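Structure record follows, encoded as structure tokens.
No lab work stands behind these numbers, since they all come straight from the coordinates. Source: prediction; values computed, not measured. Cβ placement follows ideal geometry from the backbone for every residue including glycine, while neighbour counts extend to all protein chains displayed.
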């Protein structure tokens, strides 16, 4: 046991960034989105990136996903360069909008990555059903996205990201467009899912309570150009339900996050 | 060697070599260029240019080198044509090689965006097609009755320009423009009527749709019967053709403002007229302009076709049917070219007006 | 919804009735002078009513009445066998055949061209302006000529007619498909990037299905244009088959009712073609798209 835990201490982080700088040209001129970012995310962690709008948290996520190139520094995903990691399909990405293909039903949508990755088609149907059951959409397999609510569509999107069993899950404010009650339910489902599957998750949000509820680590970012102000460890018990939001521990961590954000704002 | 990244160049070089080894003309001996020394020299220039690119890779003067290749290749082809033999395999291969060079040049230009490039590339592309057409027609000695050579059409165009121009003006101003104005106005007016009184709209729109399914050029004989041989019948056809796109687009445009915008107008207790002028018409402008552009092309074409019916007395349609009967196909095609030119000018004019007036409307295309 | 439907039908019925009345009055007015000329030398002036009745039934009317047209259509549809040159069905079928062939050919070419334009920058910059300019070329004007010429060369009339029709038909499909293939939003494209999808997969799994609604819009315009193209290319100077020829011969021999009957038939096949496209569209576009 001890040996194993000692070994796990030396396991390389799933995602690591060193001295990361991102500058790009946009319509309004040059944008210095990220400045000297250093980050290490261990296997099994649930890490939230939180910060004001425009702080670069989405940019950081996109750099990890190789959807955005970076100007200088190092980024490694599972020891590989992001470009290679993407080619190896090491992560699943969940966008802000469900981004489901409207001409396919839910089951075919969840099976889309499996189709592209040419996995063994005999097992695909099972995989799809398993993921759909996990997010509670088993009865809607034959429906089309337009027939589902926003919350259900986003669940389908998460099921799709899990369908090919990547180790890493990258999520860009997936619940931002939903109402609070749906959001709460989905947060609960997501944390249960995370516990059950043991995936490493990187989650972008600008809701403090969402970040504290879901995460093991909360990365607080400054306004543009984005820097990491602090990484707050959230040692609430792994099994969480919605009532945990009223406990003193929760409120204390949330207050820490809030102070960090305000401090970052004040120094900007 | 640059062959892998730009296969077209290597292919072109190989094709020229092939063309030198195969018969240039039907029945001539293999690669005998002595009959056409000028063409041979130019082809050598082309080959050297290509070999430079093959061996030295993309250089700063790549476009210039390519241009040299294209020009020398085209000139070579032209001088081969002067010998007036039917092209053999070698001749066709030489043409293919020149076209590959042109394609490579276009590719290089397209990768460097700019306003000049936007006009230059399609122009060169068009020129390439015309060149192909010319060489194909003369090289294969296709009968001019079937397909005239561009040079013949150009000659006819230049030689008869005054007549063609006056024909075009006749068609444009006497038939097309009048019909266009009438058709667009009626379509516009009816759309507003339907919008003001939706009941009437719901009642009569299906008939309008059914009527729009009738091919308007079929009405030309009837229009001649009713309005005689003069410009009135042609204008009537153009009016019918331009009526429906205008009606449909204006109706769609007037319906674009969504519920929120209309509620805003309601909250100001705006009358129908106010709502029309302040909200609906401005929103409808993009679609109306689309219809105006579409109709301009339709107007000219249907005016020309309408001029075939009854006994035409003037205009481009008249010229086409008369010269067709005399088998002067060069002149017929020259008239078509004139028609296309006039149509493009009118379309361009409307686009320009559109850009000037609607530049601030973000929904304009 | 049903109530609205019923009121709409009632309105359409009333409008139709109004149009009929106006039509008959117009027919009366326009045909009357002709009747007056015929009876000018009569010894006994006929009562107005019988003159009026005659005005509604002249052999060569200026404006045929609806029942005249309907009778003609009925006679030529059911009165002759389908293969007879007097049958409206015969000519309509020929025109329909040309229109369908031309539309399919043009649409296929337009689809291929649009795919090439979207994937090749050179082609996009060089060909698009020419595609747009091609619509100003009044090819329609030489349609009859082309048919005659090809006929002289021994090529049957069908081929040049289809070629000309397809020239008219390719443009709407090209423009619609270029728009459709580019209509994919950025996030969907990025989704496919996260799967490291190849260009081929991106085309068949994403771009092509996304462009289908646009394809059908273009196809409907193409179908309507196809009928026009088929009819005009059937009007060579010197007879022939198809509705275009029927229109022309009707105008030569002053058979106005024949012209009108042919026009109604043209409208019918136009509507039929568009209806077919709409049916195919419904079959292919799933409920989920809701367009």
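No solvent, one uniform scatterer per C-alpha: report log10 I(q)/I(0) for the protein assembly as shown via the Debye equation at q = 0.05, 0.10, 0.11 1/Å, two decimals. Here log10 of I(q) over I(0) equals -0.44, -1.25, -1.35.
Per-residue shielding of A:93-103, expressed as the average number of other chain Cβ atoms within 10 Å of the residue Cβ, stands at 5.
Work out the mean other chain Cβ neighbour count within 10 Å for the residues of C:218-227 and drop it here as an integer.
Details: counts 0, 0, 0, 0, 0, 0, 3, 1, 0, 4.
Averaged over the peptide's residues, the number is 1.
Across q = 0.18, 0.23 Å⁻¹, the stretch C:2-63 modelled as identical point scatterers on its alpha-carbon atoms has Debye log10 I(q)/I(0) values of -0.67, -0.88, in the order of the q list. Using only Cα atoms, tell me the angle between helix A:248-267 and the longest principal axis of chain A; keep it within 0 to 90° and round to the nearest 10. On a 0 to 90 degree scale, this one is about 60.
Indicate, rounded to the nearest 5 percent, the antiparallel portion of the DSSP beta bridges found entirely in the protein assembly as shown. Each step should come with its number before you reach the end.
Details: 22 of 41 bridges.
Of the beta bridges lying entirely in the protein assembly as shown, close to 55 percent run antiparallel.
Computing Rg and the Kirkwood Rh from the Cα coordinates of the stretch C:1-135 gives a ratio, Rg/Rh, of 1.24.
For a footprinting-style exposure proxy, rank A:199, C:161 by other Cβ within 10 Å, fewest first. Please list the in-between numbers first.
On the way: A:199 22, C:161 32.
Neighbour counts put them in this order, fewest first: A:199, C:161.
Test of understanding: what is the full-extension gain from residue C:21 to residue C:201, defined as 0.36 nm times their sequence separation minus their Cα-Cα distance? Intermediate values should be presented prior to the final figure.
Numbers: separation 180, 0.36 × 180 = 64.80 nm, distance 6.02 nm.
Separation in residues times 0.36 nm, less the Cα-Cα distance, equals 58.8 nm.
Rank the residues C:220, B:280, C:279 as a footprinting-exposure proxy: fewest other Cβ atoms within 10 Å of their Cβ go first. All intermediate terms of the calculation are to be shown ahead of the outcome.
Details: C:220 18, B:280 21, C:279 10.
The order, fewest Cβ neighbours first, is C:279, C:220, B:280.
Relative to the longest principal axis of the Cα atoms of chain C, helix C:66-78 runs at roughly 70 degrees. Sorting the segments A:136-144, C:8-16, C:132-140 by their mean number of nearby beta carbons within 10 angstrom, highest to lowest, gives C:132-140, A:136-144, C:8-16.
Give the average, rounded to an integer, of partner chain Cβ atoms located within 10 angstrom of each Cβ in C:261-270. Display every interim value, and only then the final one.
Details: counts 0, 3, 8, 3, 2, 5, 7, 3, 2, 5.
Average per residue, whole number: 4.
For the stretch C:141-165 versus the stretch C:264-278, the inter-centroid distance based on Cα atoms is 24 Å.
Give me the compactness ratio for chain C, meaning the Cα radius of gyration over 2.2 N^0.38 Å. Write down the numbers at each step before the final one.
On the way: Rg = 25.0 Å, N = 291, 2.2 N^0.38 = 19.0 Å.
Output field value: 1.32.
Cut-off is 10 Å between beta-carbons; in what order do B:110, B:175 appear when sorted fewest neighbours first?
Working: B:110 20, B:175 31.
Neighbour counts put them in this order, fewest first: B:110, B:175.
As I understand it, the value is the acute angle between the Cα axis of helix B:198-212 and the longest principal axis of the Cα atoms of chain B; what does it come to in degrees, rounded to 10? Orientation of helix B:198-212: about 30 degrees from the principal axis. Entry for the stretch C:158-291 at q = 0.18 Å⁻¹: log10 I(q)/I(0) = -0.99, Debye formula applied to identical alpha-carbon scatterers, no solvent contribution.
Per residue of the protein assembly as shown, what 222 nm ellipticity follows from adding -39500 (n - 2.57) for every DSSP H run with n ≥ 4, rounded to the nearest 500? Don't skip to the answer; put the middle values down first.
Details: 38 runs with 589 residues, N = 924.
Mean residue ellipticity, 222 nm, calculated: -21000 deg cm²/dmol.
Considered as an equivalent ellipsoid built on the Cα gyration tensor, chain A has semi-axes of 29, 22, 20 Å, the largest given first.
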